[in-house]
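Down below is the structure, laid out as structure tokens.
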Amino acid sequence: MKSICLFCGSNKGAKPEYVAAAERFGRTLAEQGIALVYGGGNVGLMGVAADAALAAGGRVIGVIPEFLQAKEVGHKGLSELHVTQTMHQRKALMAELSDGFIALPGGFGTFDELFEILTWAQLSVHSKPVGLLDSAGFYQPLYAMIKHAVAEGFVPTGNLNLFSVDADLDALLDSMRRYQPQPVPKWLDLADT
Ligand code: AMP
């Protein structure tokens, strides 16, 4: 993986572990020569991760829609900055520029980006690895919800393999490097016939 896209909070969250995880994330990518692709903001965990990667000599590529940049939440010191017209163009470009995706803790924006990229994976629109960095157990309730959707017949069990969950960044990166896409039929009714 030469580049990883980060989805994470534009707030720092309630626990110091979240900030520490974002710092470690940025530093680790820089140390491993992996470019960090992200939403281009200077706020919250996004800004923390970008600053940590830049401070460690890493390459950071921001992709921000014009209206967010105009609100002055855009980071000014990135290696590369792409300004798009719309949020949709931004997500498409972030996906195109990245070899994998990792979500750190975040809110609606983070969930939107994560679930869009998982949706594209289950439809084989891309075959790139996706990881959830489970800092301070943040993603356990969401993971439980996804398993509930599997149990209730809305997500094929095999699609739990579309992403990895780990609290440890090195272990998460290892499992993403080993990722082998195994397409499973999305439509459970059709799979039965
Ligand atoms: P949230 O999790 O709701 O804080 O939203 C964070 C995600 O949405 C990030 O991964 C960004 O791509 C996008 N986003 C939300 N707010 C901003 C912002 N102020 N600047 C840049 N991107 C943002």
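The values are calculated or read from the model by the stated rules, or taken from the named source; none is laboratory data. The structure presented is a predicted model; accordingly, all values stated were derived computationally and were not measured. For neighbour counting, all protein chains shown are included, and Cβ atoms are generated from backbone atoms with ideal geometry for every residue, glycine included. Ligands, DNA and RNA are excluded from the accessible area calculation, which covers all protein heavy atoms including side chains. Shrake-Rupley method; radii C 1.70, N 1.55, O 1.52, S 1.80 Å.
Just a few scattered comments:
- DSSP beta bridge pairing in the chain, given as percent antiparallel to the nearest 5: 5 percent
- GNM remark for the chain: springs join alpha carbons under 10 Å apart, and the peak mean-square fluctuation among Arg24, Arg90, Arg178 falls on Arg178.
- Charge dipole (Cα centre; +1 on Lys/Arg Cβ, -1 on Asp/Glu Cβ; no other charges) of the stretch 154-193 amounts to roughly 160 debye.
- A simple charge model with +1 on the Cβ of Lys and Arg, -1 on the Cβ of Asp and Glu and nothing else charged puts the dipole of the chain at about 280 debye relative to its Cα centre.
- Shape call, the stretch 146-188: gyration tensor on alpha carbons, a/c limit 1.5: oblate
- Calculation over all alpha carbon pairs of the stretch 98-187 in 5 angstrom steps from 0 returns a P(r) of 3, 14, 25, 27, 22, 8, 1 percent.
- Across every pair of non-identical alpha carbons in the chain, the mean reciprocal distance, once inverted, gives a Kirkwood radius of 16.9 Å.
- When the Gaussian network model of the chain links Cα atoms closer than 10 Å, the mean-square fluctuations of Leu54, Leu36, Leu142 top out at Leu142.
- Placing unit charges on each Cβ (+1 for Lys and Arg, -1 for Asp and Glu) gives the stretch 43-193 a dipole about its Cα centre, and among Ala167, Phe111, Val60 the Cα reaching farthest toward its positive end belongs to Val60.
- Proximal lysines relative to Lys186, as straight alpha-carbon distance under 19 Å, when same-chain residues fewer than 8 apart are discounted: Lys128, Lys147
- When the Gaussian network model of the chain links Cα atoms closer than 10 Å, the mean-square fluctuations of Ala56, Ala167, Ala70 top out at Ala70.
- Positive minus negative residues near Ala56 (Lys, Arg vs Asp, Glu; Cβ under 15 Å): 0
- Mean accessible surface per residue for the chain, computed with a 1.4 Å probe while every protein chain stays in place, in Å²: 50 Å²
- Accessible-area composition of the chain, carbon plus sulfur, in percent [1.4 Å probe]: 55 percent
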